[in-house]
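This report concerns only the one structure given below.
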Amino acid sequence: QVQLVESGGGLVQAGGSLRLSCAAAGRIISRYTMGWFRQAPGKERQFVAAIIGLSTYYADSVKGRFTMSRDNAKNTVYLQMNSLKPEDTAVYYCAAGAAGGPVLRGSTYDVWGQGTQVTVSF
């Protein structure tokens, strides 16, 4: 069973940048579908980005601003977030899925991290 630990969240002004990291222990992440989701207070969990092999997928709301990548040597995935907006404020979760499936669906993922808070101020 893989375990995921996110880091890199924090408070940033609108227009700023943050890089989230998700370190995996227990399994090799190159064999998994890896995703990022977010959940704002009072709202449903929302797909942000995913990576399968060398292919990446993004929600329309973050396309062109966020970039997901992976470092297989470090067993870590990243989410580079640029041009942040107040509406990006949420808890961001890293997730891993072994069996495949639509990357936008939370049910595709078997393991979730504990989340990291991202707050974007005006």
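General remarks:
- Hits among lysines - C-alpha to C-alpha of K63 under 16 Å, sequence gap 8 or more where chains match: K85
- Between I28 and D71, residue separation times 0.36 nm minus the direct Cα-Cα distance comes to 14.4 nm.
- Mean projected area (nm²) of the alpha-carbon convex hull when region 1-112 is viewed from all directions: 6.5 nm²
- Taking the centroid of alpha carbons for each part, region 1-76 and region 92-111 are 11 Å apart.
- Surface composition of the chain: carbon and sulfur atoms hold 50% of the protein heavy-atom accessible area at a 1.4 Å probe.
- The residues of the chain have, on average, 52 Å² of accessible surface per residue, using a 1.4 Å probe with all protein chains present.
- Estimated at 0.36 nm per residue, the fully extended path between A98 and L54 surpasses their Cα-Cα distance by 14.2 nm.
- Counting only protein chain heavy atoms and rolling a 1.4 Å probe, the accessible areas of T76, T119 rank, largest first, as T119, T76.
The values are calculated or read from the model by the stated rules, or taken from the named source; none is laboratory data. Worth saying up front: this structure is predicted, and the values here are computed from it rather than measured. Surface areas here come from the heavy atoms of the whole protein model, side chains and all, with no ligands, DNA or RNA. Shrake-Rupley method; radii C 1.70, N 1.55, O 1.52, S 1.80 Å.
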